[in-house]
Amino acid sequence: MNEWKTELNSFLEMIFNAPYGTKPFWVSAGIALGVLLIFGWLISNFIFSAKRGMIISFIANLLPGAAAIAGWIAVTLYAVPELNAGPVRDYLPLAGAILAGFLATMIFSRFILGITEGKVFISMIMTYACVAGAIFIGGSLVKNVDSGLESLENKQNERQQESDSILQY
């Protein structure tokens, strides 16, 4: 179980492009979940006529992502170590994630949203495209703001030290 947690942390660090537990990581995760909530609901209900509430749509949109993460981790832990180096070993976790996400979409999300297979598939693609864009744009914005705030904090500390040294004389 500890291997799964370690792999989950490394996968989330790879997705959010920030170390686990830092402010940019959590802000990027919040942005991703917020976009999944809002855009998933808007896309599935207003474009594809799912007629479900916001929380039900969020759960239906979250399941394929969770299944894709589980598929990635399972393939990474159990199949990849048995393979020789090469393109199959490099792309097998991605294939496992895509397959797990597709199966979760077709088995669970379709029934939760109450729309056809094609509509739910396109809805998930559009929703996760919005999430990926938000992570990319929001993550870089968060890193810039965080580095700017850190720079301001360092300058404030330098000025405080200078004023303390002036007061000592």
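The values are calculated or read from the model by the stated rules, or taken from the named source; none is laboratory data. Computed from a prediction, not measured in an experiment: that's the story for all the values here. We place every Cβ from the backbone using ideal geometry, glycine too, and count neighbours over all the protein chains shown. Each accessible area value is taken on the protein alone, full model and side chains, heavy atoms only, with ligands, DNA and RNA left out. Shrake-Rupley method; radii C 1.70, N 1.55, O 1.52, S 1.80 Å.
Observations, loosely collected:
- Long-range tail of P(r) for the chain (Cα pairs > 30 Å, %): 34
- Expected-Rg normalisation [2.2 N^0.38 Å, Cα atoms] applied to region 59-131: 1.21
- Distance between region 66-90 and region 144-169 - C-alpha centres, whole angstrom: 47
- Based on protein heavy atoms only, region 1-167 ends up with 62 Å² per residue of surface accessible to a 1.4 Å probe.
- For VAL120, net neighbour charge (Lys/Arg +1, Asp/Glu -1) across residues whose Cβ lies under 15 Å away: +3
- Residue (of ALA95, ILE166, LEU152) at the positive-pole extreme of the chain, dipole from beta-carbon charges: ALA95
- Summary of the geometry: region 98-137 and region 1-23, compared by the centres of their Cα atoms, lie 23 Å apart.
- Candidate lysines - alpha carbon under 22 Å from LYS119, same-chain residues fewer than 8 apart omitted: LYS51
- Candidates ASN157, ASN84, ASN144: whichever shows maximal mean-square fluctuation once the chain is modelled as a Gaussian network with Cα springs under 10 Å: ASN157
- Taken about its Cα centre, the chain carries a charge dipole of about 800 debye when Lys and Arg each add +1 at the Cβ and Asp and Glu each add -1 at the Cβ.
- Note on region 1-77: the C-alpha convex hull projects to 5.7 nm² when averaged across all orientations.
- Bins of 5 Å, starting at 0 and running to the largest distance - Cα pair percent for region 90-169: 3, 12, 11, 12, 10, 9, 7, 6, 6, 5, 5, 5, 4, 3, 1, 0
- Accessible area in the full protein assembly, largest first, 1.4 Å probe, for LYS51, LYS143: LYS51, LYS143
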